[in-house]
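Heads up, the thing below is written out as C-alpha cells.
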Amino acid sequence: MTFQRIIQFVLDYKKYIILLLSIAMLAGLGQTLRLLKVDNSLSIWFLEDNATYQEYLAFQEEQGSDEVVIVMIPTEDPLSESHIAKLKELHQKTDTLPYVKTTFSLVNAKYPIYSNRKIYYRNIYQTNRSRENTVALLESLPAISQQLISEDKQFSFFYLQLIPANQIKDNRSQIIEHIRDIIETSVKKSHISGAPVLGEAFNKTIYDESNFFAVASVSIILGLLFFLLPHWQYIPIAFLAIILPISITFGLMTSMGYSLNLISMLIPTILMIYSVSDLIHITNVFHIYRKENPHQTKNKQIKVALQKSLKPCFYTTLTTVIGYLSLILSPLPAFKIMGVFTFIGLVLAFCLVYVVAAIGFAFLDEKTTNATVKRINISAIIQKINQWTTNYNSAILGVGLLVFTFGIISLFYIEVSTNSLDLLGKGKIKNDLEKIEKTLEGSIRIQLNILSKKDASLLTKDALLKLKHFQEKLDNNPLIAHPISIVNFQSFLEKRMSTLSKFNSVDFEKVFKSSQKESNPFFSLHGDDFSYLAININIKELPTKDLKPLLNTIEKDFKTTFPEEDYRLKVHGFSGIFTTLNTFILQTQFRSFGAAFFISFCILFYFIGQFKMSLLALIPNLLPLFSAFIVMFVFGIYLEAANAMLAPIMLGIAMDDTIHLINKFKYYRSINLSTSDSIDQALNYTGGALFSTTISLVCGFLIVGLSGVNSVSTFGLLCAFTVFAALLADACFLPALLKRFYK
C-alpha cells in the first residue's frame, strides 16, 4: 500500500509537482542548450591512466603532433610564380598562429648539402634557381617531392601541423573554421583533410544526427502513439513522459562537464523509446481497469491500475538498466559514460512515467472510458500464434534450435574491426579525403622510432645501413607511402656529392652533431642525442582489421633487419593506438554481457521464484542475440565501436516482454489453468502491449538506422531487427517451450 500512498500524494499535490517538474525540465533544457559540446576525440576511447594513451600524449608533446591538416591545391603549374605566391601567402598567414606548430610545402621544403664536414639545409625552391635545377632536386628526393606535388603535376600540397590535440580540443572547431577561412581566401579552390578536419567532421555529424534523431523520434513515435494508445488524450501524457527524463538527464550530464559523442548521442532516442514502452503498458492496464471498474472513483482507478502495472514494469526496467549499467565494466570511457547516464535516465524515466501518468490520468475526461482502441486489432494474430505454438510445437522448437546452432557458429566468424570512415557522414569532407588519399596514397602519419636497448647513439654506419634496409622493406609495402628518414638525405648526398668516397668515410655522429638538427620540423628524423632514429610513413584510413596486420608486418620486417637483443621499435601516432580498440571492444562485449547475463538471470529467478521456469524463460532471450549474430555473419557486419554494446543492451530489452508475459502466465497458473491455457491467456492479455511496445522500439531504432554515419546506422538496424526477433521469441518460442517442457 506504500506505492498507492505515494500516488495519492502525487494526486493531492499535483499542482506543486507540475510546477517543480516544469522548473526541472526548463533548467535541464537551459543547461543543455548553454553547455552542450561535442567531443569525439581520442580521450573518449581511453582512460587517463592508460599507458598507451599516455605514451601517445608524450609523443605529441616531445616529437611532434600528428594533428596535420592537409590542403590539396589544384594548379596548372606547381612551379609557376603565381602558385608559389599563393603558397607563400598561406605560410605568412599560418606560420605565426598560436595553435600551429609548423607548416610544410614546396616553399619551405629543404635539401641537404655537405660542406666543411657539416651538413646544411637549403630550400629546394629559390627564386634565383632555374626551373630545371628545381625539378632535378625534386626528382633526387622522390619521397619528399611526392608529398609536395602530385605525380600528374595537377596538384600541390600544403600542410599545417597543429600543436597536440589535448591542448586545442576545446577550441578545435573554431581553429579548423579559421584555417578554412584562411585557405579559402588565399587559394579559393582546394581539398582539405587530415586528422583535425576529420575529427571536427565527426563532431558536426554527431551534432546534426542528434538533432535529427530528436525531431524524427518525437514526431514518428507521437504519430505512432495515435494508433497504439487507446485514445488520443493519452498522447500529451506520453509527450511529457518523453521530454522530462531526457531534458533532466542531459542537463545533469552537461552540467557535470560531459560532452556528446558517437555513443552518448543515442541516449535521447533510447530514453524516448523506453519511456514510451512503459507508458504503453501502464496506459493499457489503466484503460482496461477503468473500463472494468467504471463505478470506482478516478483516484481509486489510478492508484489500483498503477499498482497492477508496477511489478512487471519495475522488473523490466531493472533488467534493462542492468544491461546499460554493465557498460561501466568496459575499458572505454565512452561506454562508461553511456552506461552511467543511460542508467540515470532510465531510472528517472521509470519514476517520472508513473508521476506523469498519475497526474495526466487525473485530468482525463470521462469520454476516454468507453473509447474504441485505435490501435490495429491483433487479437486474430495472437489466436493464430496460440494455435501454432500448440499444433506446430516441434517445428517451432526445431527452428529455434537451428537459430541457436547457427548463431553460435556465426559468433566465431564475426570479425572485430572499426573503420573510422564509417564514422564519417557523406559529403564534401569525405569526398575530399577520398581524393587526397587517391592522389597522395595516404593521409595518416605514423612515426617509427628505432631505439638502442643499450642507450647508445644510433648514428653509426651499421645502424644507418640497417635503417636503409628496413626502409626499403617499408617502401615495398603497398599499404605504406613515402617513408622518410635520415637515410633519404644520406642517399641524396651519396648520389650528389662529387667527393663520394670522402662522404662515405665521415664520422656521421660527429657531422650531424655539429650540423643543423632537422631539415624541417615537420619531420622528426632523430632525437637530439641520437638515442633514436625515426622513419615517417603515410598510410590510408584503414579499418583496424587491416591496420593491425600492417603494424604486425612492420614489426616483423623490423625484427628481420635489426637484432632483437640490441634494438627495439616504437610505433607512434593515432593509428598505433587505434588498433587497441579491437581488444577493448571485445572486453566490452564479454565483460558487459557476462555481467548483464548473470544479474538478469538472478532478477528473473527472483521474479519467477522457480529455477526451471526461470531457465526456460531465459532461453528465448538469447534467441534474438543469436539471430543478430547470424545477420552480422551473413552481411559481413563487423563488431566495432558503435555496436560493441549490442549484446548487453539487447539482452535487457529482450527480457522486458518475457517478464510481462510470465507475470500474467503465473497469475493464470495460480487459478489452476493448464500450462497451455495459461500461456495462451497471458499472450491474449499482454499481446496488445507487447506488439505496441515492439513497434515503438523498432521504429525508434529504425530512426537511428536512418543515420548518415554507417556505424550508427548499422547499430540502429541491428537493434531494430533484434527487438523484432525478441517479440517473435517471446510470442512463439517461449509458449512452445513452456507447452513442451513445463508441466
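The values are calculated or read from the model by the stated rules, or taken from the named source; none is laboratory data. No experiment lies behind these values; they were computed from the predicted model shown. Positions of Cβ are generated from backbone atoms using ideal geometry, with glycine treated the same way; all protein chains shown enter the neighbour counts.
Structure data summary
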quantity	calculated
Ile273 under 19 Å from Tyr354 (Cα atoms) and under 26 Å from the mean Cα position of the chain (by Cα)	yes
Sole exception among (1) touching a residue at least 12 places away in the same chain (Cβ under 8 Å); (2) of a type in the set (Asp, Glu); (3) out of contact with any helix residue (DSSP H, G or I) (no Cβ under 9 Å at 6 or more places or on another chain) for Glu62, by number	(1)
Unique residue being modelled with pLDDT under 90, touching a strand residue (DSSP E or B) at 6+ places or on another chain (Cβ under 9 Å) and within 30 Å of Ile359 (Cβ to Cβ) when the list is Ser219, Ser210	Ser210
Subset tally (residues that are under 16 Å from Ala596 (Cβ atoms) and either outside any helix (DSSP H, G or I) or in contact with a Phe, Trp or Tyr (Cβ under 6 Å, 6 or more places away or on another chain) (or both)) for the stretch 624-650	6
Any hit, the stretch 562-575, residues being outside the structural domain of Leu329 (by TED's automatic domain parsing), surrounded by fewer than 16 Cβ atoms within 10 Å (Cβ to Cβ) and without any contact (Cβ under 8 Å) to a residue 60 or more places away in the chain	yes
Test for Leu459: is it within 29 Å of Ile149 (Cβ to Cβ), aliphatic (A, V, I, L, M) and either in the same structural domain as Asn552 (by TED's automatic domain parsing) or over 28 Å from the mean Cα position of the chain (by Cα) (or both)	no
Among (1) in the same structural domain as Gln174 (by TED's automatic domain parsing); (2) over 29 Å from Ala334 (Cβ atoms); (3) not basic (Lys, Arg) - the single one Val68 does not satisfy	(2)
Which listed residue is over 22 Å from the mean Cα position of the chain (by Cα), under 23 Å from Phe574 (Cα atoms) and not assigned by TED's automatic domain parsing to the domain that holds Asp152, from Asn488, Asn431, Asn419, Asn476	Asn476
Pick from the stretch 55-83, criterion polar (S, T, N, Q) and out of contact with any Asp or Glu (no Cβ under 8 Å at 6 or more places or on another chain), ranking: surrounded by the fewest Cβ atoms within 10 Å (Cβ to Cβ)	Ser82
The stretch 269-304, subset of a type in the set (S, T, N, Q) and not in a helix (DSSP H, G or I), residue nearest to Ile6 (Cα to Cα)	Thr297
Of all residues making up the stretch 200-223, the number that are crowded, with 22+ Cβ neighbours inside 10 Å and either small (Gly, Ala, Ser) or more than 21 Å from the chain's Cα centre (by Cα) (or both)	3
Unmet criterion (only one of (1) more than 24 Å from Asp152 (Cβ to Cβ); (2) over 26 Å from the mean Cα position of the chain (by Cα); (3) of a type in the set (A, V, I, L, M, F, W, C)) for Leu424	(2)
